[in-house]
Amino acid sequence: MSLLNDDTFKNQTAIVTGGGTGLGLAVSSRLGRMGATVVCVSRNTGHHTELLARGEQEGFPVVSRALDVRDARAVKTVVREIRDTCGGIDVLVNNAAGNFIRPAMMLAPRAFASVIDIALNGVFYMSREVGRVMRDTGGRIVNISAPYAATGKPGVVHSACAKAGVEAMTKTLASEWAGYGIRVNAVSPGPFVSAGAADRLWPSKEMEKAILGQIPLGRFGTTGEVADLVCLLASNDVPWMTGTILLADGGWSLPDPMMNPEDGRIDRRRQSSD
């Protein structure tokens with residue numbers, strides 16, 4: 001069930017990077033169903049097919065644009081085209097990212113740089129250009145982070161570094177742009193079910209079971225649950241929230257328990273070996 005009304009984004013324009021698949025598709029669909037004109041941008045417009053079909057079937061407008069967020073010049077051009085075509089920009093959701101499991105000693109420098117370029121530099125390029133449009137009218141920017149931005153996580157040093165930068169950027173821009181009426185927040189979701197995440201982050205049943213065992217609430221999240229939180233921060237219903245990193249991970253980032261709460265026994269894995 002959505003947290004917002006059906007007309008929350010009526011007569012508003014929302015850009016979603018990577019908005020045609022996975023979480024981006026869920027966010028784009030939510031925004032469209034609540035009245036927004038959704039502008040879906042990604043490198044491959046073939047990924048926009050499902051969103052375009054949903055828009056046609058459900059009656060919300062979708063604009064499809066090819067854009068590599070790593071290309072600052074292209075970002076500037078496309079954002080200005082969207083501004084001129086749609087008459088302004090009300091919402092930006094920085095969802096495009098790259099991630100995969102790779103031990104740091106086996107991670108090629110080019111692979112590290114590629115993830116940083118998409119998931120950090122791309123967020124800045126999009127935010128800067130859209131912020132320049134929003135500074136006359138106000139607006140809302142929502143970034144997608146990850147719990148390990150604050151804690152680190154073995155196997156994802158590239159993504160952890162990028163997302164830590166995104167959280168720092170979120171707070172910095174929130175402070176810097178508040179005077180323009182631009183609110184900047186982020187959602188930090190734990191593991192959630194999507195085809196892309198499963199293929200890259202838990203490609204085997206053994207890995208899936210291991211990650212599931214780390215979540216105290218005992219299940220993965222859903223793209224719909226995360227999309228609801230993104231749309232909440234993108235709305236005008238929380239006008240006093242800016243610079244917030246909204247964590248939703250089923251307890252995944254909480255410390256392991258020192259004892260079994262059912263019988264009080266100490267978890268031996270947490271004891272020292274002295």
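Zone of E50 (label point 7 Å along Cα→Cβ, backbone N under 12 Å): which residues in the stretch 1-28?
The answer is 19-28, whose backbone nitrogens lie closer than 12 Å to the label point.
Which of the three applies to the stretch 42-137, rounded, prolate or oblate, going by the alpha-carbon gyration tensor with a ≥ b ≥ c and a/c under 1.5 meaning rounded?
Here the stretch 42-137 falls in the oblate category.
Straight distance only, please: which lysines reach the Cα of K153 with their own Cα at less than 27 Å, same-chain residues fewer than 8 apart left out?
Leaving aside lysines fewer than 8 places away in the same chain, those within reach of K153 are K163, K171, K205, K209.
How many percent of the alpha carbon pairs in the chain exceed a separation of 31 Å?
More than 31 Å apart: 26 percent of the Cα pairs in the chain.
Over the chain, what is the percentage of antiparallel beta bridges among all DSSP beta bridges, to the nearest 5?
Restricted to the chain, the bridges split so that about 5 percent are antiparallel.
Please list, or write none, the lysines whose alpha carbon is within less than 19 Å of the alpha carbon of K76, excluding same-chain residues fewer than 8 places away.
Within the straight-line limit of under 19 Å, K76 reaches no lysines at all.
Applying 1/(1 + (r/R0)^6) with R0 = 51 Å to the Cβ-Cβ distance of N236 and M105, what FRET efficiency is obtained, to the nearest 0.05?
E(calc), rounded to 0.05, equals 0.60.
Rounding to the nearest 20 debye, state how big the charge dipole of the stretch 13-251 is about its Cα centre with +1 on each Lys and Arg Cβ and -1 on each Asp and Glu Cβ.
Computed about the Cα centre, the dipole is about 440 debye.
Every read-out reported here was derived from the displayed coordinates using simple, explicitly stated rules and does not represent laboratory data. This structure is a prediction, so every number in the text was calculated from the model and none was measured. Cβ atoms come from the backbone with ideal geometry, glycine included; neighbour counts cover every protein chain shown.
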